[in-house]
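The values are calculated or read from the model by the stated rules, or taken from the named source; none is laboratory data. A quick note: this is a predicted structure, and the numbers were derived from the prediction, not measured. FYI the Cβ positions are ideal-geometry reconstructions off the backbone, even for glycines, and counts take in every protein chain you see. The accessibility values were calculated without ligands, DNA or RNA, using every heavy atom of the protein model including side chains. Shrake-Rupley method; radii C 1.70, N 1.55, O 1.52, S 1.80 Å.
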Amino acid sequence: MSDLTPQSDVPTPTTDKITQAARETIYLCNFRVSVDGEWLCLRELNDISLTPDPEPAHEDSWEDFTELVEQMQMLDEFKDPKDPIAIERLNLMNMAKLSIKGLIESALNLGRTLDSDYAPLQQFFVVMEHCLKHGLKTKKTFLGQNKSFWGPLELVEKLSPEAGEITASVKDLPGLKTPLGRGRAWLRLALMQKKLSDYMKTIINRKDLLSEFYEPNALMMEEEGAVIAGLLVGLNVIDANLCMKGEDLDSQVGVIDFSMYLKDGGHSSKSTEGDGQITAILDQKNYVEELNRHLSASVNNLQAKVDVLEKSNTKLTEELAVANNRIITLQEDLERVKEESSFLVESSRKASRADGAADGHVLGETRKQLKEETQLRLDVEKELEVQIGMKQEMELSMKMLEKDICEKHDALVELRQQLEELRTLNTELSHKSQSSEASARQKTEIIGRLEEKTNQMANTIKQLENSEKDMVKQARTLNSSAAKLLNKPH
């Protein structure tokens with residue numbers, strides 16, 4: 001298995017070209033995956049000898065890191081070319097470059113927010129997971145040996161306070177039971193925050209702290225880690241909306257799919273138009289479903305607010321009834337005090353007329369009691385005014401609450417109408433998607449039939465050519481026999 005490239009009649013590349021192609025190489029065990037034209041070519045490592053040739057310039061979006069990559073590759077020339085750890089580091093760095101570049105290009109061509117089901121995004125997280133796992137030290141715990149990259153990611157919170165929100169969100173996520181799942185969730189949240197590159201640079205610059213978790217020759221401890229952190233800056237142009245609730249991040253199997261980086265232009269050119277239509281319909285469907293979810297959440301929130309307002313309205317009504325009862329009671333007390341005070345005044349007048357020489361002590365007590373009754377009357381009147389003011393405020397607040405409830409109800413009705421319209425639109429888009437898929441299948445079947453007819457016509461043409469050759473041979477034979485008969489003497 002020395003050469004897994006597609007067999008063709010094209011001459012094999014020279015040793016110089018192979019040496020230049022070795023600059024962008026991913027080593028897998030005893031084989032290397034090289035970016036060679038439109039193919040990922042697997043060749044045995046022993047077939048290639050790396051010589052210190054100058055590195056050609058790359059015509060892509062990674063010019064800022066070309067000089068750093070060249071310096072690293074020049075340093076690698078003085079190392080042991082068969083060092084498996086160095087081969088692994090270079091392998092992972094080049095794989096990360098391919099993954100990031102492919103993710104950015106596909107996301108820009110797609111032109112919308114990425115979700116958790118986007119295949120290039122899933123492969124990027126798998127590659128990042130392999131990079132972070134490279135060279136991890138194994139720690140012994142009560143449950144056995146533990147080897148997870150969650151420990152180094154927790155350090156970012158101490159070095160950068162902005163990462164504290166991500167770490168707290170990861171710890172609060174339900175369903176994450178293992179450090180591996182928490183590390184995967186942390187990577188996704190950092191990408192959505194567009195701070196993944198900054199956090200990686202922050203932690204890579206503190207190798208004194210990383211040495212607790214990584215071996216000295218690990219990727220995060222060498223220059224390849226700094227290169228990957230620089231490449232991650234390009235991901236800031238991507239918008240991602242990843243929902244991690246209900247996603248099983250603990251038991252996912254991280255396997256790199258190399259088929260995503262193989263280019264086949266012949267087959268894709270046939271179904272580009274149909275795929276574009278299906279992609280547009282699916283994008284519209286996803287947008288409508290996302291808008292539907294937002295509207296459903298808004299309806300639920302408004303319904304909850306209406307319930308709270310209704311409860312508060314009921315409570316205020318009860319308080320208003322109690323205040324009315326209190327006011328009635330105070331008015332009755334006020335009338336009673338007025339009657340008692342008038343009775344005392346009349347009795348004092350009668351006593352003064354009947355007996356002008358009454359005892360002054362009794363008169364003083366009567367006056368004192370009259371003053372107390374008058375003061376009590378003033379207090380009751382003040383409390384009555386306070387209760388009347390509270391009643392007016394409650395009536396005003398009741399009117400405002402009723403107005404707010406009416407507005408919320410109208411908004412709720414409008415949102416329900418929009419929700420019904422969106423559901424209808426979603427149903428129509430589903431029908432369109434199904435019809436587009438059916439037409440795509442029909443086109444595929446027609447293409448297959450045309451190819452079969454083309455093959456049959458080619459076979460028929462070959463048969464006709466063979467019969468033509470036989471007829472030519474027979475004609476030549478007849479001509480030669482005729483010439484011989486003519487040349488015979490009579």
* Roughly speaking, to the nearest percent, how much of region 373-473's 1.4 Å accessible area is carbon and sulfur? -> 54
* Whole-Hz Karplus ³J(HN,Hα) for region 422-435, in order, using 6.51 cos²θ - 1.76 cosθ + 1.60 and θ = phi - 60°, x for Gly and Pro? -> 5, 5, 4, 5, 5, 5, 4, 5, 5, 4, 4, 4, 5, 5
* Asked: Using the Karplus equation 6.51 cos²θ - 1.76 cosθ + 1.60 (θ = phi - 60°), what ³J(HN,Hα) coupling, rounded to whole Hz, does each residue of region 306-312 give in order, writing x for Gly and Pro?
  -> 4, 4, 5, 5, 5, 5, 5
* Asked: Between Gly225, Leu242, Tyr214, whose Cα lies farthest towards the positive end of the dipole of region 207-248 when Lys and Arg beta carbons carry +1 and Asp and Glu beta carbons carry -1, centred on the Cα centre?
  -> Leu242
* Just read off the accessible area of Cys406 with the full protein assembly in place, 1.4 Å probe, to the nearest 10 Å². => 80
* Once you have a ≥ b ≥ c as the square roots of the Cα gyration tensor eigenvalues for region 373-473, tell me rounded if a/c is under 1.5, and otherwise prolate or oblate according to whether a/b is larger than b/c. => prolate
* Structure fact -> Pairs over 29 Å Cα to Cα, from Lys101/Lys171; Lys177/Lys305; Lys245/Lys305; Lys285/Lys311; Lys245/Lys285; Lys133/Lys177, come to Lys101/Lys171; Lys177/Lys305; Lys285/Lys311
* Sorted by accessible area (1.4 Å probe), largest first, how do Lys403, Lys137 line up? -> Lys403, Lys137
* To the nearest 10 Å², what's Phe149's accessible area with a 1.4 Å probe? -> 0
* Using per-residue counts of other Cβ atoms within 10 Å, averaged over each peptide, order 220-227, 284-291 from highest down. => 220-227, 284-291
* What does the charge add up to near Leu422, with Lys and Arg as +1, Asp and Glu as -1, over the other residues with Cβ less than 13 Å from its Cβ? -> -2
* Asked: Which whole-Hz couplings ³J(HN,Hα) result when phi for each residue of region 208-216 is put into the Karplus expression 6.51 cos²θ - 1.76 cosθ + 1.60, θ = phi - 60°, listed in order with x for Gly and Pro?
  -> 5, 7, 5, 4, 6, 10, 10, 6, x
* Residue list for region 436-450, given a label point 7 angstrom along the Cα-to-Cβ vector of Asn459 and an amide N cut-off under 17 Å -> 448-450
* Asked: At a probe radius of 1.4 Å, what is the per-residue accessible area of Trp150, in Å² to the nearest 10?
  -> 20
* To do: Once you have the Cα-Cα distance between Leu108 and Ser169, take 0.36 nm times their residue separation minus that, and quote the gain in nm to one decimal.
  => 19.1 nm
* Please list 208-215, 152-159, 395-402, 94-101 highest first by mean number of surrounding beta-carbon atoms within 10 Å per residue. => 94-101, 152-159, 208-215, 395-402
* Structure fact -> Per the rule of 0.36 nm per residue minus the C-alpha distance, extending Arg367 to Val237 adds in nm 37.8 nm
* Structure fact -> With label points set 7 Å from each Cα along the Cα-to-Cβ direction at Lys338 and Val306, the distance between them in nm comes to 4.8
* Structure fact -> Amide H neighbours of Ala240 at under 5 Å, excluding residues fewer than 5 places away on the same chain, with H built from the backbone geometry, are Leu114
* Quick one: which residues, 5+ away or cross-chain, put their amide H under 5 Å from the amide H of Tyr214? H built at 1.01 Å from N. => Lys137
